[in-house]
Amino acid sequence: MASMRDIKRRRASIQSTGQITKAMKLVSTVKLQKSRTKAESSKPYFNQMYETIASMLERSGNMDHKYLRAGAEGKKAVIAVTSNRGLAGGYNNNIVKLIAGTPELKAADTKVYAIGRKGRDGLVRKGYEITADYSEVINEPLYQDAADLTAELLDAFGRGEISEIYLAYTSFKNTVVHTPKLVKLLPFDQDAAAGKAEEEPKAQALMNYEPSAEDVLDMIIPKYMSSLIYGALLEAVASENGARMTAMDSATNNAEEMLGKLEIQYNRARQGSITQELTEIIAGANAIN
């Protein structure tokens, strides 16, 4: 049985850890409220942007455009959105497992554009090539950051260095539900975007473009990509804070449970010590008599 001194030291250590986890939970709760408001208020716009592009392309017939054609050569690119800090449960590891577990994204054929140091380090251990590191972006996401990343990706796509572009992030459902998602950004999949394969076809007027379909898509597709990336960043920040709040709440509860058990052990050890002292005193008194 552990001594009273050992139990007191361990209890003090757990109390200190519990205070830290409780403080981190409170900080994450405040950050979650702000990031959740941003994510939920902007989500309808990004969803509508995706649906609008899908509707346009669905009504455009068989269009031949560089953003709709899969490249024959070139590696695949994936934007991995994670966090710069840990202590968030399985938040970061879920994205790493999602990418590593996707057959289309083998390490030898994939370039990673990392947003978040934890995901970057995890994918490096899996053998992935880190082409660019935008880890600082996740601290305070801005639309311009998404636009800059989009410009770099589209430039590489145009040169044939990459043939497909994917986005891996954590979708924010609510405070406790965060779902890792993998979205294919380019080439734009008209059939998947429309999602109407099983519905009965209906007549639609073809889309007319002015000055030309290529000029319009050259302008709209980058905005579509920037919007989806920015929306993913906002949802990822909200998911990170929600995951960290949940993890710290669980850690605080575990600390309180351990303190309760240690308190029982300490009382037992203290009672045993008192009993032993009384026994020694009585034995000494009997010896004198």
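Across the range 1-31, which residue is farthest from Glu240 (Cα to Cα) among those that are charged (D, E, K, R) and surrounded by fewer than 15 Cβ atoms within 10 Å (Cβ to Cβ)?
Result: Arg5.
What about Met4, is it touching a residue at least 60 places away in the same chain (Cβ under 8 Å), out of contact with any Gly (no Cβ under 8 Å at 6 or more places or on another chain) and within 30 Å of Glu235 (Cβ to Cβ)?
On the way: touching a residue at least 60 places away in the same chain (Cβ under 8 Å): yes; out of contact with any Gly (no Cβ under 8 Å at 6 or more places or on another chain): yes; within 30 Å of Glu235 (Cβ to Cβ): no.
No: the conditions fail for Met4.
For Lys34, are the conditions met, namely being over 16 Å from the mean Cα position of the chain (by Cα), within 21 Å of Thr175 (Cα to Cα), among the charged types (D, E, K, R) and surrounded by fewer than 21 Cβ atoms within 10 Å (Cβ to Cβ)?
Yes; evaluated as a whole, the condition is true for this residue.
Could you grab me the full set of residues in the range 161-184 that are within 9 Å of the chain's Cα centre (by Cα) and not in a strand (DSSP E or B)?
Correct list: empty.
Please verify whether the range 73-96 includes one or more residues that are buried (at least 16 other Cβ atoms within 10 Å of the Cβ), on the phi < 0 side of the Ramachandran plot, touching a His at 6+ places or on another chain (Cβ under 9 Å) and among the aromatic types (Phe, Trp, Tyr).
Checked against the condition, which is being buried (at least 16 other Cβ atoms within 10 Å of the Cβ), on the phi < 0 side of the Ramachandran plot, touching a His at 6+ places or on another chain (Cβ under 9 Å) and among the aromatic types (Phe, Trp, Tyr), the range 73-96 yields at least one hit.
Restricting to the range 126-160, name every residue that is of a type in the set (A, V, I, L, M) and either in a strand (DSSP E or B) or surrounded by 14 or more Cβ atoms within 10 Å (Cβ to Cβ) (or both).
Result: Ile130, Ala132, Val137, Ile138, Ala146, Ala147, Leu149, Leu153, Leu154, Ala156.
When the range 28-65 is examined, which residues are found to be among the hydrophobic types (A, V, I, L, M, F, W, C) and without any contact (Cβ under 8 Å) to a residue 40 or more places away in the chain?
Correct list: Val30 only.
Specify which of the listed residues (Tyr169, Tyr230) is in contact with a Lys or Arg (Cβ under 8 Å, 6 or more places away or on another chain), among the hydroxyl-bearing types (Ser, Thr, Tyr), modelled with pLDDT of 90 or more and within 25 Å of Ala88 (Cβ to Cβ).
Tyr169
Could you tell me which of the residues Leu233, Leu228, Leu217, Leu259 is more than 22 Å from Ala54 (Cα to Cα) and assigned to a helix (DSSP H, G or I)?
Result of the check over Leu233, Leu228, Leu217, Leu259: Leu259.
Considering only the range 7-27, how many residues are more than 21 Å from Ser273 (Cα to Cα) and either of a type in the set (Gly, Ala, Ser) or without any contact (Cβ under 8 Å) to a residue 40 or more places away in the chain (or both)?
Residues flagged as more than 21 Å from Ser273 (Cα to Cα) and either of a type in the set (Gly, Ala, Ser) or without any contact (Cβ under 8 Å) to a residue 40 or more places away in the chain (or both) within the range 7-27 amount to 8.
The values are calculated or read from the model by the stated rules, or taken from the named source; none is laboratory data. Please read these numbers as outputs of a predicted model, since none were measured by experiment. Here Cβ is always computed from backbone atoms with ideal geometry, including for glycine, and neighbour counts include all displayed protein chains.
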